[in-house]
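Chemist: A single structure is presented below for examination.
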Amino acid sequence: MSAKGSEQIKASPVIKCESVYKIFGLNATKMLSGANGNVDAEEFQKAGCVVGVNNASFELFEGEMLVVMGLSGSGKSTLLRCISRLTTATSGKISINGSDLLSMGNKELIELRRNKMGMVFQSFALLPHKTVLENIAFPLQIKGNSTTESVARAMEMVNLVGLSGRENYFPRELSGGQQQRVGIARSLAVEPDIWFLDEPFSALDPLIRKEMQDEFLRLQGVLNKTILFVTHDFDEALRLADRIAIMKDGIIEQLDTPANIVLSPATEYVRKFTEDVPREKVLKIESIMNPIKDKDQLGDLRVSKDSLIESVAESVLSQAALVGVVDNSGEIVGSLDHLKVIKVLFGDKNNKN
């Protein structure tokens with residue numbers, strides 16, 4: 001996971017949402033204006049409206065991956081569609097790099113999508129009569145690039161996503177995972193600053209899905225895109241996200257780092273998502289270390305603050321003395337005792353705290 005430290009995040013957000021609502025129905029605007037910001041989904045439903053997004057506010061920074069998750073009907077895909085303006089928000093403000101998305105005309109919006117945004121959806125939507133290379137080059141040609149430029153760029157993307165040797169295959173000749181790689185390569189060909197992905201791996205079988213997650217993390221490590229990733233799979237969210245937004249009935253119940261969501265769920269709904277998570281597999285040493293009181297009390301063992309608890313638990317539990325926690329430069333930044341690890345491994349997972 002490519003979590004960003006606060007020192008790496010720029011002050012100005014790439015995406016900023018302020019009190020965004022999306023209400024479906026003929027009376028949506030009227031109902032919303034009379035609600036004074038307090039939208040009750042059941043009341044709106046009785047009036048013939050469906051609440052898709054309910055007062056969503058957050059910021060997404062350069063190079064950050066925000067995973068939006070929730071069950072079917074929670075509003076996660078609707079939120080993504082509002083931010084990409086595939087659907088128009090009923091109310092609120094959405095800015096992209098400081099520009100007001102909702103005030104953009106069609107020409108300005110088309111330019112933004114062509115030059116700044118990449119999108120990948122659950123449906124691969126590949127053109128069956130075109131080869132891998134032609135599918136990837138297609139958006140570049142639509143953009144106005146020459147055939148030579150488009151093919152050269154498409155070949156770079158073929159290599160990037162690991163499909164070398166299959167550039168002349170047709171979609172029907174590829175596996176599901178390979179088809180999804182083509183979809184990812186096609187969206188990256190236009191070099192987007194912002195990448196929207198809506199359940200891109202949900203149609204794949206578990207083994208291929210794991211491989212695609214690995215590939216996705218590798219690509220993000222290379223490209224450092226600003227990403228909004230939608231999924232209903234909490235394990236996938238924990239594995240990929242810098243931060244996670246959990247939605248229910250259009251409301252963002254909690255937006256936080258994976259560690260904070262697992263350790264400190266903000267609501268009962270979030271707690272139910274996290275109660276069966278094997279914490280040692282997703283939490284880093286940094287999330288459970290203690291401040292240093294006396295370096296003389298530390299034993300010889302040192303562990304990285306970025307190590308998963310699972311990977312160092314055996315070594316820590318074999319130590320009687322406190323273990324030193326170090327950063328990437330080897331500087332001691334905290335301490336860890338075996339009781340803290342035991343609590344994570346065997347503590348009461350039903351404890352709301």
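Chemist: Going through the stretch 113-156 one residue at a time, which ones are at pLDDT 90 or above and in contact with a Leu (Cβ under 8 Å, 6 or more places away or on another chain)?
Modeler: VAL132, GLU134, ASN135, PHE138, GLU149, SER150, VAL151, ARG153, ALA154, MET155
Chemist: While we're looking at this one, here's another question. What are the residues in the stretch 237-256 that are surrounded by fewer than 21 Cβ atoms within 10 Å (Cβ to Cβ) and modelled with pLDDT under 90, if any?
Modeler: Selection gives ARG239 alone.
Chemist: Also, quick follow-up: Residues in the stretch 146-175 that are in contact (Cβ under 8 Å) with a residue 40 or more places away in the chain and part of a helix (DSSP H, G or I): how many? It would help to see each step written out before you state the result.
Modeler: Initially, the stretch 146-175 is screened for residues in contact (Cβ under 8 Å) with a residue 40 or more places away in the chain, giving 160-162, 170-172, 174.
Now narrow it down to the ones that are part of a helix (DSSP H, G or I): 160, 171-172.
So the count comes out to 3.
Chemist: Another one. Taking the criterion of being closer than 22 Å to SER57 by Cα and part of a helix (DSSP H, G or I), would at least one residue in the stretch 239-248 satisfy it? Spell out how you get there, then give the answer.
Modeler: Applying the first criterion (closer than 22 Å to SER57 by Cα) to the stretch 239-248 yields 240-248.
Add one more test, that the residue is part of a helix (DSSP H, G or I), and what stays is 240.
Looking through the stretch 239-248, at least one residue is closer than 22 Å to SER57 by Cα and part of a helix (DSSP H, G or I).
Chemist: With a cut-off of at least 3 residues that are in contact with a helix residue (DSSP H, G or I) (Cβ under 7 Å, 6 or more places away or on another chain) and either among the polar types (S, T, N, Q) or loosely packed, with under 12 Cβ neighbours inside 10 Å (or both), name the strands (runs of 3 or more DSSP E) lying wholly within the stretch 257-353. Break it down into steps so the answer makes sense when it comes.
Modeler: Working: elements: 298-304, 322-326, 332-336.
Here the list is empty.
Chemist: Only one of these conditions is not met by PRO200: (1) outside any strand (DSSP E or B); (2) surrounded by fewer than 23 Cβ atoms within 10 Å (Cβ to Cβ). Which number is it?
Modeler: Unmet for PRO200, out of (1) outside any strand (DSSP E or B); (2) surrounded by fewer than 23 Cβ atoms within 10 Å (Cβ to Cβ): (2).
Chemist: Among what's in the stretch 168-191 and is crowded, with 21+ Cβ neighbours inside 10 Å and under 20 Å from LEU86 (Cα atoms), pick the residue that is farthest from the chain's Cα centre (by Cα).
Modeler: Checking each candidate, the answer is ARG186.
Chemist: Does LEU66 satisfy the criteria of being at pLDDT 90 or above, surrounded by 14 or more Cβ atoms within 10 Å (Cβ to Cβ) and out of contact with any helix residue (DSSP H, G or I) (no Cβ under 7 Å at 6 or more places or on another chain)? It would help to see each step written out before you state the result.
Modeler: Values: at pLDDT 90 or above: yes; surrounded by 14 or more Cβ atoms within 10 Å (Cβ to Cβ): yes; out of contact with any helix residue (DSSP H, G or I) (no Cβ under 7 Å at 6 or more places or on another chain): yes.
Spelling it out, LEU66 is indeed at pLDDT 90 or above, surrounded by 14 or more Cβ atoms within 10 Å (Cβ to Cβ) and out of contact with any helix residue (DSSP H, G or I) (no Cβ under 7 Å at 6 or more places or on another chain).
Chemist: Within the group ASP235, ASP256, which residue is closer than 18 Å to ILE309 by Cβ and acidic (Asp, Glu)? Please lay out each step first, then the result.
Modeler: On the way: ASP256 fails: closer than 18 Å to ILE309 by Cβ.
Criteria check complete, one pass: ASP235.
Chemist: Quick one: LEU217 ticks every box in (1) without any contact (Cβ under 8 Å) to a residue 60 or more places away in the chain; (2) within 15 Å of the chain's Cα centre (by Cα) bar one, so which box is it?
Modeler: (1)
The values are calculated or read from the model by the stated rules, or taken from the named source; none is laboratory data. This is a predicted model, so every value here is computed, not measured. Note that we place each Cβ from the backbone using ideal geometry, even for glycine, and neighbour counts take in every protein chain shown.
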